[in-house]
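For reference, the structure discussed in these notes is given below.
The values are calculated or read from the model by the stated rules, or taken from the named source; none is laboratory data. A quick note: this is a predicted structure, and the numbers were derived from the prediction, not measured. Note: ideal-geometry Cβ built from the backbone for every residue, glycine included; neighbour counts use all protein chains shown.
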Amino acid sequence: MSKKPLEGLRVGDFSWFGAGPIAGNTLAQFGAEVIRVESEAKPDGLRRAHPFAMNPDGTFKGGFNVSGYYNNFNAGKLSLQLNLNEEKGQEIGYRLIEKCDFFLTNFTPRVIDKWNLRYEQIAKVNPKIIAAYAPMQGMEGPHRDYLGFGAVLTPVTGISEMSGFPNRPPFGIGTNYPDYVVNPGHTVTAMLAALRYRNRTGKGQCVELPQLESVVNTLGTAVPEHLINGTNPTRTGNRHPSYSPHGAFRCADDPESVNSPDRWVAIACRDEAEWLAAAAVLGHAELAGDGRFNSPVARKANEDELETLINSLTRERNANELCAALQAAGVPAGVVQHAQDMLDRDEHIRARGYYQYVDHPEAGREAHDGPVAVLSQTPGSVPGPAPLMGEHTMDVCERIIGLTMDEIADLLAEGVLM
Amino acid sequence: MADRALEGVRVIEFTDEVGSYCGRLLADLGAEVIKVEPPGGGRQRHVGPFVTGFENDADASLAFWVHNTSKKSVVLDLDLPNAKETARRLALSADIVIEDCPVGYLGARGLGYEDLHALKPSLVYTSVTGFGQTGPHANWAYSDIVGQAMGGIMTLAGEPTDPPNMIYGRQADISASIHAAQGTMIALLHAEATGEGQRVDVSAQEAVSMSQETAMQTWDFQKKNRTRTGETGSLPLKLPGAGTLKVKDGYILLFIIAPAGGDLPDLLDWMREEGKQDDLDDEPYRTIIGNMNMGWLTQLMSNPAEAASVIQHLPHINEVIGRFFAGKTAREAYEQGQERRLLIGIVSRPQDLAENTQLRERNWYVRFPEAPAGPPVEFPGPPYRLSETPAVVARPPRLGEHTEAVLAAL
């Protein structure tokens, strides 16, 4: 097997929950050695969050090691249990950082200050470190200590205001969306850019990813519309400013979709050719010539009517068959899939091998998100199961930090290591 | 002037809606990114919204601007033999090619991965498409909402009785581009170390799918589909100190009962200071407020009789809290609440973000002294701050602005 491209690089992953650990997860998929620094004293909330693996009798497994939520974001990492509230714990943290190429965290500045993990502090022990901080608001500024737990980032960054139907309040999008791709992906991009700079100059640096800035930067045209045109746009459901029809349309129910029988097909017609083709597949080619619908301007003007009509034409159709027929005619269309589709029924995802399965000593066989970027010569892969809490404390202390067995025993007795 | 992280890296991109943001990330970090556009420009230049007064001007689409900062623009008609040859020479002058064309489109023009890799083995060739380069759906037509649908995130968003909701901002395209940027950086570092180039293949469907949160693992472990729950969210009923709340000029999100920051009694203190506590200091409200947190609720729900005795009082508590916040603007509720360590989020509208205290104090917004169309403007800044090699957001190019200069230097 070929060497992975980031082999030889070491990451001190002092992060928790989603955005930080996922950045470490990507680096681990491509070969970096990632050491998750954590502690039972203040465990990553995801270790105690659903979904948990199940026992054969249908009950949930318990403990720190069986959450699919945590395990999916921490595959193949090493877990060091270290109490950073203790001064001695902080010293061990520094000794680890000395041996790392990257430092990664998404704790708030308040916690970073308590643990003495500011860039200025860790750069003293390792001037070549690339240190990535991903707090919600930023490391400085009047809102730096604002609480950002869970669901608050989505409303604060404008996603809630701009998403969903206009007749509904801005209640959000059902997940803590920015945690999973936008923030960790930006973080990794910046860390790798900093690595290139270090390769060329030998200099480390501080990479700060204020999640607020990271997400607002990807908020479509909403803020530029205000800055440039002085407008204050709001949500428009599934519609598009120019393309029409553009939305999700109800198809026949699928009783085999577990607790989710309603089926929908998303359709986006970007030009007249696609609309002509879609109308034909829907069995009403004459609609394309109908004065209400025969140009993008006409369709936008009569969009309520158009959507009602399309829904009436899709309601009895099988979603997968309708989607395939639209695609065969060149229309961008897709079934609104759920996880059962993605894991068990989507032949395309299976053919590409996106989900990868590993055996976890406590959770059992579990699916993981594979690397999204497929590299032809130096591919990444899910490197192994997520670590048990503290599984590698001895290994990391001895092999990487260079502590003796006596020192480790003392630190364990003092509760600095766990 | 500060150093640039991607100094000396040349990128040629053949991208429209899906892959543009990947090129933008590299451009803001200092790479020279040359966008090859068809005559008249791609789709992105023709969709709204536009700068007011410049409607349907290919240089004035804000949808184009937000994904194409800091780039150069060269116009080439890839259906003409001469232009194909020019595009080939351009691509071979680059370290990285980024493309989001239908599978096979560039290959048919001598610009495919195999064609270019054979001539320049160190080239990184990144393809960002709806469904990737392989598999039975590789040739499927794609637009952002299709990726959001097929990638499993729409089914989680919206009221159960409504159609599934799309997330605003072309998030399938954004996710694909961000994953492509990571893969491209890994491949670039590898090429610089070893001379070996490669293809980077990104599917937007896969790129957005990690944003299903726990849905994938819930099916994997428990064989249940997570469904959309709308305004109620994951909570079984409307709880004091949780959920979306209407205020004087907009909305806020309360999550005070979460295990972070202050709790409901701290909110009651604030209400009392402003004389708006009403009867919440009386029983049974006082005790309920004192107990209310996620752990207590879970316990409560296991005892239906006791739960019922509490639940009957929640609407009144909700109402008094609602009245308190209804007297505040969203920004007041957010900033005053957060100063008290209460977990409150503003539901920011675009104007709130433009005026956001934190973003303004940290000088996040940048200025384009010369915009591609219209007067000078302010614009959102970069997603990250690098201390030695800052990302710099420079204005997007006008269509074909650099054709002459780039081709003359070729």
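Some observations on this one:
- Among the residues making up region A:147-163, those that are of a type outside the set (S, T, N, Q) and facing chain B (nearest Cβ under 7 Å) are A:Leu147, A:Phe149, A:Gly150, A:Ala151, A:Val152, A:Pro155, A:Val156, A:Gly158, A:Ile159, A:Glu161, A:Met162.
- Exclusive hit being of a type in the set (Phe, Trp, Tyr) and free of Cβ contacts under 8 Å to residues at least 40 places away in the same chain, set B:Trp219, B:Trp270: B:Trp219
- In region A:326-348, residue farthest from the other protein chains (Cβ to nearest Cβ) [restricted to those that are among the hydrophobic types (A, V, I, L, M, F, W, C), in contact with a strand residue (DSSP E or B) (Cβ under 7 Å, 6 or more places away or on another chain) and buried (at least 23 other Cβ atoms within 10 Å of the Cβ)]: A:Leu326
- Index of the failed condition, B:Val366 passing every other in (1) of a type outside the set (Ser, Thr, Tyr); (2) more than 23 Å from the chain's Cα centre (by Cα); (3) modelled with pLDDT of 95 or more: (2)
- Residues being part of a loop (DSSP other than H, G, I, E, B), more than 11 Å from every other protein chain (Cβ to nearest Cβ), touching a residue at least 40 places away in the same chain (Cβ under 8 Å) and buried (at least 16 other Cβ atoms within 10 Å of the Cβ) - total across region A:32-72: 3
- Meets criteria (touching a helix residue (DSSP H, G or I) at 6+ places or on another chain (Cβ under 6 Å), in contact (Cβ under 8 Å) with a residue 60 or more places away in the chain and either surrounded by fewer than 20 Cβ atoms within 10 Å (Cβ to Cβ) or farther than 30 Å from B:Pro160 by Cβ (or both)) for A:Ala123: no
- Scanning region A:173-198 for residues that are facing chain B (nearest Cβ under 7 Å), farther than 18 Å from B:Val347 by Cβ and part of a helix (DSSP H, G or I) yields A:Val182, A:Gly185, A:His186, A:Val188, A:Thr189, A:Ala190, A:Leu192, A:Ala193, A:Ala194, A:Leu195, A:Arg196, A:Tyr197.
- Of everything in region B:267-309 that is within 14 Å of chain A (Cβ to nearest Cβ) and surrounded by fewer than 17 Cβ atoms within 10 Å (Cβ to Cβ), the residue that is nearest to the chain's Cα centre (by Cα) is B:Met294.
- From the options A:Pro170, A:Pro135, residue that is touching a strand residue (DSSP E or B) at 6+ places or on another chain (Cβ under 9 Å), closer than 24 Å to B:Thr357 by Cβ, in a loop (DSSP other than H, G, I, E, B) and within 7 Å of another protein chain (Cβ to nearest Cβ): A:Pro170
- Taking each residue of region B:55-83 that is over 20 Å from A:Leu219 (Cα atoms) and looking for partners that are assigned to a strand (DSSP E or B) and of a type in the set (Lys, Arg) with beta-carbon atoms closer than 6 Å, six or more apart or interchain, yields B:Ser73/B:Lys35.
- Any hit, region B:112-122, residues being more than 9 Å from chain A (Cβ to nearest Cβ) and of a type in the set (Ser, Thr, Tyr): yes
- The residue of region A:226-241 that is nearest to B:Val47 (Cα to Cα), among those that are free of Cβ contacts under 8 Å to residues at least 12 places away in the same chain and either in the same structural domain as A:Glu140 (by TED's automatic domain parsing) or surrounded by fewer than 22 Cβ atoms within 10 Å (Cβ to Cβ) (or both), is A:Pro241.
- Those residues of region A:110-120 which are within 17 Å of A:Gly89 (Cα to Cα), assigned to a helix (DSSP H, G or I) and free of Cβ contacts under 8 Å to residues at least 24 places away in the same chain, in sequence order: A:Val111, A:Asp113
- The lone criterion from (1) within 30 Å of A:Gly220 (Cβ to Cβ); (2) touching a residue at least 40 places away in the same chain (Cβ under 8 Å); (3) of a type outside the set (Lys, Arg) left unmet by A:Phe171 is number (2).
Rundown of residues vs (1) among the polar types (S, T, N, Q); (2) at the interface with chain A (Cβ under 7 Å from one of its Cβ atoms); (3) surrounded by fewer than 24 Cβ atoms within 10 Å (Cβ to Cβ), yes/no style:
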{"position": "B:Met166", "(1), (2), (3)": "no, yes, no"}
{"position": "B:Gln171", "(1), (2), (3)": "yes, no, no"}
{"position": "B:Leu189", "(1), (2), (3)": "no, yes, yes"}
{"position": "B:Glu196", "(1), (2), (3)": "no, yes, yes"}
{"position": "B:Ala204", "(1), (2), (3)": "no, no, no"}
{"position": "B:Gln212", "(1), (2), (3)": "yes, yes, no"}
{"position": "B:Ala215", "(1), (2), (3)": "no, yes, no"}
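- Applying the condition of being touching a residue at least 24 places away in the same chain (Cβ under 8 Å) and hydrophobic (A, V, I, L, M, F, W, C) to region B:116-140 and asking which residue is surrounded by the most Cβ atoms within 10 Å (Cβ to Cβ) yields B:Val128.
- Residue within region A:23-31 that is in contact with an Asp or Glu (Cβ under 6 Å, 6 or more places away or on another chain) and either farther than 20 Å from A:Ile130 by Cβ or part of a helix (DSSP H, G or I) (or both) present: yes
- If you filter region B:247-256 down to residues that are more than 18 Å from A:Asn232 (Cα to Cα) and of a type outside the set (Phe, Trp, Tyr), you find that the one that is nearest to the other protein chains (Cβ to nearest Cβ) is B:Leu253.
- Some residue of region B:113-120 being under 22 Å from B:Val11 (Cβ atoms) and either assigned to a loop (DSSP other than H, G, I, E, B) or under 26 Å from the mean Cα position of the chain (by Cα) (or both): yes
- Index of the failed condition, A:Ser214 passing every other in (1) in a loop (DSSP other than H, G, I, E, B); (2) polar (S, T, N, Q); (3) closer than 23 Å to B:Tyr21 by Cβ: (1)
- Considered as a group, the residues in region B:382-392 that are within 12 Å of chain A (Cβ to nearest Cβ) and surrounded by fewer than 21 Cβ atoms within 10 Å (Cβ to Cβ) include one that is nearest to the chain's Cα centre (by Cα), and that residue is B:Pro390.
- If the condition is being at the interface with chain B (Cβ under 7 Å from one of its Cβ atoms), of a type outside the set (S, T, N, Q) and closer than 11 Å to B:Leu353 by Cβ, then region A:211-224 contributes A:Leu212, A:Glu213, A:Val216, A:Leu219, A:Ala222, A:Val223, A:Pro224.
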